[in-house]
1. From the list PHE392, PHE466, PHE435, exactly one residue is at pLDDT 90 or above and away from the ligand (no atom under 16 Å from the Cβ). Which is it?
2. Of the residues in segment 265-279, how many are of a type outside the set (Val, Ile, Thr) and buried (at least 17 other Cβ atoms within 10 Å of the Cβ)?
3. Could you grab me the full set of residues in segment 489-501 that are surrounded by fewer than 24 Cβ atoms within 10 Å (Cβ to Cβ) and either hydroxyl-bearing (Ser, Thr, Tyr) or under 13 Å from VAL467 (Cα atoms) (or both)?
4. Let me spell it out: the conditions are (1) touching a residue at least 60 places away in the same chain (Cβ under 8 Å); (2) β-branched (Val, Ile, Thr); (3) over 30 Å from ASP335 (Cβ atoms), and THR72 meets all of them except one. Which number is the exception?
5. Only strands (runs of 3 or more DSSP E) wholly contained in segment 290-398 count here; list those with 3 or more residues that are touching a Ser or Thr at 6+ places or on another chain (Cβ under 6 Å).
6. Which of the residues that make up segment 412-426 are part of a strand (DSSP E or B) and buried (at least 20 other Cβ atoms within 10 Å of the Cβ)?
7. Would you pick out the residues in segment 544-571 that are within 15 Å of GLY382 (Cβ to Cβ), touching a residue at least 40 places away in the same chain (Cβ under 8 Å) and either away from the ligand (no atom under 16 Å from the Cβ) or under 39 Å from the mean Cα position of the chain (by Cα) (or both)?
8. Out of segment 323-361, which residues are more than 24 Å from ALA424 (Cβ to Cβ) and of a type in the set (Phe, Trp, Tyr)?
Amino acid sequence: MLASPTARPAPPAGIGSTLRRLWPLLRPHRRRLAAGGVCILVFVLCWPLLAWLAGRLIPAIGAGNVVVTLQTILAALAVFVVQKAAQFGQDTLLAAPALHVSQALRHELFARLQRLDFNALEKLSAGDLTYRLTEDADRVGEVIYKTIQDTTPSALQLLAVLGYMVWLDGTLALATLLLAPVVALLVSGFGARVMGAAERSQQQVSELASLLGEAIAGLPLVRAFAAEPWLQERFDREIALHRRARYRTLRLLALQHPVVGLLEAAGILAVLLIGAWRIQSGDLNSQGFSSYVAALLMLIDPIAHLTTNFNEFQQGQASLQRLRAIELEPVETPDRADAPPLGPVKGALVLEDVSFAYSPGQPVLHRVDLRVHPGEVVALVGPSGAGKSTLFSLLLRFNACQQGRVLLDGHDLADLRSRDLRRAVALVPQQSSIFSGSVAEAIAFGREASPEAIREAARIANADGFVQNLPQGYASRIEERGSNFSGGQLQRLAIARAVLGNPAVLLLDEATSALDAEAEEAVQSGLEAAMAGRTVLVIAHRLATVQNADRIVVLEAGRIVEEGSHNQLMAQAGRYRDLCERQFIHLES
Ligand SMILES: Nc1ncnc2c1ncn2[C@@H]1O[C@H](COP(=O)(O)OP(=O)(O)OP(=O)(O)O)[C@@H](O)[C@H]1O
């Protein structure tokens with residue numbers, strides 16, 4: 001029952017490919033980015049200026065020179081005001097593009113999800129996908145924001161301050177710089193390990209989300225089977241795995257901060273020693289050295305930011321990779337560029353020598369030939385796994401047959417625009433999944449429809465009566481999974497949704513769930529009205545539909561084994577009669 005597979009992993013992405021992936025999303029915001037860039041520049045250039053002022057200030061304080069001290073403090077204050085204003089500009093100007101990018105990323109991914117190949121989609125877990133589109137997308141957005149608004153200024157600050165230090169005293173700067181590669185190596189080494197650990201921990205959360213998705217949907221069933229301890233144990237196992245994976249990441253991060261911090265402290269102490277030697281040998285004066293130390297202290301902040309951001313960048317890359325994995329899943333075959341629009345449809349369906357397999361070498365439909373005339377009602381019956389739902393999936397072009405052709409009014413379905421096809425062929429699924437929202441929205445389901453058209457569809461489906469009796473009529477809210485409506489009411493809404501666009505063909509997957517006699521009668525009367533004047537293919541479970549159908553087609557192991565009216569097939573004493581006797585014997589008698 002639980003946890004379907006997660007999307008396959010994408011190959012590892014480097015920083016370059018990450019930026020290449022994100023740049024098209026950033027491009028529309030280049031003006032704001034440029035303005036933000038100017039603010040960053042002002043912000044960054046203020047640092048060497050402040051270091052220079054510190055060089056003047058510290059000796060002036062030491063000499064008790066109040067005038068110079070006051071002048072320098074006022075100048076520093078002015079620089080701080082400019083710098084903080086630039087920082088505000090940079091943060092506000094760059095926040096919008098960063099947020100837009102994460103929104104665009106989510107939009108693209110959701111659009112991709114809507115186009116995914118049905119088989120690929122069915123194999124993916126809803127919980128895992130939800131996690132990717134929420135948490136992973138959020139993390140990527142956060143990294144984009146940080147990279148633009150924090151990492152870039154920090155890196156530039158580092159460069160500007162280092163440049164100033166080299167200008168002050170090359171030898172001292174060289175000694176300082178010798179430490180930098182050691183720090184950089186350690187940081188990047190840690191980064192790679194943090195990324196690996198983060199990926200494992202995110203994968204674990206995904207699996208947790210898959211389990212939760214299934215658990216929440218199946219909670220009534222779990223309770224009915226008293227399987228709570230089993231599910232709890234399974235959940236506990238997942239959260240323990242998650243805790244362990246998360247702990248590994250946190251331990252790495254915990255180790256990284258003191259190691260980098262220690263290196264920095266040792267570096268500063270070494271610089272102080274070398275500074276004393278430079279002053280002694282007369283190569284540097286105390287003002288220059290004060291300035292140098294101030295600049296050195298100004299390096300700590302950007303290094304700390306860069307280290308943290310680098311880790312977050314690595315974690316963000318793990319998330320981006322998980323998002324990219326969705327992009328690698330196959331999508332539905334797009335419509336042919338020259339697909340002609342489908343005019344008015346009569347509803348003639350033809351399956352010509354159709355064979356289909358989900359996996360190579362395991363055919364589910366074998367050389368099926370079927371002709372359904374406009375307005376005809378054909379019931380599909382057959383044992384479980386015979387291929388009835390698969391046949392429906394071909395008629396909606398959720399799947400394409402590997403051999404033969406499926407035609408609607410003489411047009412090969414492969415040549416039609418999927419949107420046209422799905423407007424002409426409407427589905428009433430077995431489980432009437434209705435989206436939350438108002439009743440009118442649930443019937444319209446994204447299509448332009450006047451209130452009258454919606455009401456008319458509901459009237460046909462025998463739903464208008466009960467909807468009118470709701471306190472807010474068609475504006476009444478349907479909760480998630482239709483929990484505030486009865487099974488029969490939801491089925492009638494699903495019928496209304498199907499007939500709204502006046503489709504020529506109706507595919508009915510009759511609900512097998514037991515409705516009470518009254519609800520069943522209400523649904524049945526809705527169905528009969530909906531079927532009038534349309535070609536109907538029905539996966540039949542109700543005896544009434546089977547008996548009233550113009551033709552009954554018996555499918556077995558992917559082949560049509562019998563065809564005819566109820567009476568003809570009963571007279572034949574073949575598979576159909578056998579099925580009837582087994583399934584409906586009490587009704588027959
Ligand atoms: N997405 C899929 N991937 C692989 N195999 C599938 C998939 N869907 C269905 N099958 C297989 O194809 C065969 C036909 O399944 P199908 O759902 O079409 O049968 P059915 O007649 O509708 O059964 P039921 O009455 O139980 O719904 C079964 O063996 C099933 O296991």
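The values are calculated or read from the model by the stated rules, or taken from the named source; none is laboratory data. Note that the structure is predicted; figures quoted are calculated from it, not measured. Cβ sites come from the backbone with ideal geometry, for glycine too, and all protein chains shown count toward neighbours.
1. Numbers: PHE392 fails: away from the ligand (no atom under 16 Å from the Cβ); PHE435 fails: at pLDDT 90 or above.
Result: PHE466 is the single residue among PHE392, PHE466, PHE435 that is at pLDDT 90 or above and away from the ligand (no atom under 16 Å from the Cβ).
2. 3
3. GLN489, LEU490
4. Single failed check for THR72: (1).
5. In segment 290-398, the matching strands (runs of 3 or more DSSP E) lie at 363-372.
6. Across segment 412-426, the qualifying residues are VAL425, ALA426.
7. The answer is ALA549, ARG551, LEU555, GLU556, ALA557, GLY558, ARG559.
8. TYR358
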